[in-house]
Structure formats: C-alpha cells, structure tokens
1. Could you list, in sequence order, all residues of region 47-66 that are near the ligand (Cβ under 8 Å from one of its atoms) and surrounded by 14 or more Cβ atoms within 10 Å (Cβ to Cβ)?
2. Any chance you could count how many residues in region 5-33 are surrounded by fewer than 16 Cβ atoms within 10 Å (Cβ to Cβ) and closer than 20 Å to Ala179 by Cα?
3. State which residue is surrounded by the most Cβ atoms within 10 Å (Cβ to Cβ) when the search covers only region 152-210 and only residues that are among the basic types (Lys, Arg) and without any contact (Cβ under 8 Å) to a residue 12 or more places away in the chain.
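The values are calculated or read from the model by the stated rules, or taken from the named source; none is laboratory data. Being a predicted model, the structure only gives us computed values, none of them experimental. So basically every Cβ, Gly included, is an ideal-geometry build from the backbone, and we count neighbours across all protein chains shown.
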Amino acid sequence: MSKYQELANAVIKGDTQQVKQITQQMLDAGEQPLAIINEGLIQGLNEVGIRFKEGEMFVPEMMMAAQAMKGGVELVKPLMAGTDMPTAGTVVIGTVKGDLHDIGKNLVIMMMESSGFNVVDLGVDVPVDKFIQAVKDHKPQVVGMSALLTTTMPVMKEVINALDKENLRSAVKVVIGGAPVSKEYADEIGADGYAGDAVVATEMCKQLLN
Ligand code: B12
C-alpha cells in the first residue's frame, strides 16, 4: 500500500495520531505538502463521504475523520506559509448560513495566504448581512463563499442579491465553491467564478484581479 493510501485510510478511521504520524513521515521523506493534502488527506475524506452516503458511516465517524484530517493539515500548514510577498489583494471568505463545513474553505484560505492574499475569514454559518458588513469594513477585491450542502447553496445567491442592493456588487468579484457547487451554478446566480479546488481557486482569484 502506498503512503498516500495509508494516510487516506488513517483519515477514514478517524485516527488523528496515525494521521499526524504518517503526515510527518511523508514530510520527512520530502513529499510535497500539496500532494499530501490532495492525494492523501482529501482522498480519505472523499471516501468517508461515499461511505456516509451509502449508510456505512455515520455523523460521529465523519466528525472523527474531519478531526483527523485537521491534524494532518496542521503539520503541513507551516510549510505552505507565504514568504514576504506583496499582497495580491484582500479576500473576504466564509461558509454560508446553515452550513458548518469548513475544511475546504480553510484549505482555500491556506493556499490563498501562501500566494500572498490577505484573507479575512468570517468562519462558518455566516449570515448574509455579515458578508455585506465585511465588504464595507474590509473593502476586499474578492468575496468567496463556500457551501457543502445543497440546502445552503441558495444563500450564495442571497448574498449576491444583497451586494447588488447595497450597490457593492461591482466593487467585488464573487467566487464560490464547495462540493455541490458547479460552474453552471456560478453562472446561474451571477457569480464571477467557481473553482473545484484550492489551487484553482487561488489561480482564479489572481486572474480575476488582473
Ligand atoms: C467532513 C464532513 C462533515 C463534517 C464537517 C467538519 C468540518 N469542520 O468541516 C461534519 C461531521 C460536521 C459534517 C456534518 C454534516 N454533513 Co457533512 N460531510 C463531510 C464530508 C465527508 C467531507 C467534506 C470535506 O471537508 N471535504 C474535503 C474538502 C477539502 O473538500 P471541499 O469541502 O469540497 O472543498 C474543496 C472544494 O470544494 C473547494 N472549495 C471549498 N470551498 C470553497 C470556497 C471557494 C470560494 C472556492 C473558490 C472553492 C472552494 O476547494 C476545497 C479544497 O480543495 C462530505 C462528503 C464530501 N465528499 O464532500 C460530507 C457532506 C458534505 N455532508 C453531508 C451531510 C448531509 C451532512 C449533515 C447534514 C449530516 C447530518 N445528518 O447531520 C451535517 C450538516 C452540518 C451543517 N449544518 O453543516 C452531505 C451533503 C449532502 C448534500 N447533498 O447536501 C455530504 C456530501 C455527505 C454525503 N455524501 O451525503 N459533515
């Protein structure tokens, strides 16, 4: 079994200790931080999602897997830290109201910060007016929204409508993401961009600001 597979399995088991141990071994062996995340940790969570859907895993196990994943990310994070780069711009980001998933959002933040963006993290379960207030306070170039539930995706549209109403829409680019979200959905609700992973998300923001 490859180390990546071992790492994914440790996430599936929700074994934080083991996840940390394997992650550290891989880092010591010179594996790329990004590969450890994408090909190890995320693969594990993807499998958890599949098993949950099929009724083979339940919420507590999903929570343990998420916790274990975080243990690995914590070790990788310092290695992703940006050097003294000029700021690429300010991004306000949050997981929309009703939604508590933040692993993907946090990876996007990590990647953006390591690429020189100044990121304001509004956290999870963020109501529409909090996004609006943050745009007024921080004057970002980009607003990012994350949703992992089909039931919370429509909040993204509500935020865009509210930005419109407050005459703030043209001042920012709106980018969205999260497993159920798609390019089509982004077009449908009038967002400026969609990205399926943290690397593409960061590239997209750079392009949108050019
Ligand atoms: C871990 C997890 C949880 C954890 C969350 C822990 C945490 N702190 O985040 C816990 C256990 C709390 C949880 C709870 C629930 N969950 Co859950 N969860 C998951 C799981 C297994 C993994 C999600 C994840 O972190 N993936 C890994 C990350 C890295 O991927 P990602 O989030 O997609 O992010 C990437 C991209 O999407 C993108 N991206 C993400 N955000 C953004 C933002 C921007 C701006 C951009 C550009 C890009 C971007 O970049 C990221 C990095 O690559 C998924 C299954 C899945 N495969 O998605 C189910 C899943 C999302 N959960 C689901 C459900 C049903 C629930 C619950 C309702 C279960 C329940 N009955 O209580 C609750 C809801 C709680 C709530 N109100 O939010 C369903 C949703 C079904 C649906 N269609 O809506 C899923 C799909 C499982 C399934 N297959 O059924 N969950």
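1. Across region 47-66, the qualifying residues are Val48, Gly49, Phe52, Met62, Ala65, Ala66.
2. 0
3. Within region 152-210, the match that is surrounded by the most Cβ atoms within 10 Å (Cβ to Cβ) is Arg169.
Residues are listed down the side, and each one gets a yes or a no for (1) in a helix (DSSP H, G or I); (2) within 30 Å of Ile50 (Cα to Cα); (3) out of contact with any Phe, Trp or Tyr (no Cβ under 7 Å at 6 or more places or on another chain); (4) not assigned by TED's automatic domain parsing to the domain that holds Ile42:
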| residue | (1), (2), (3), (4) |
| --- | --- |
| Val119 | no, no, yes, yes |
| Val124 | no, yes, yes, yes |
| Asp137 | yes, no, yes, yes |
| Asn167 | no, no, yes, yes |
| Val181 | no, yes, no, yes |
| Glu188 | yes, yes, yes, yes |
| Gly196 | no, yes, yes, yes |
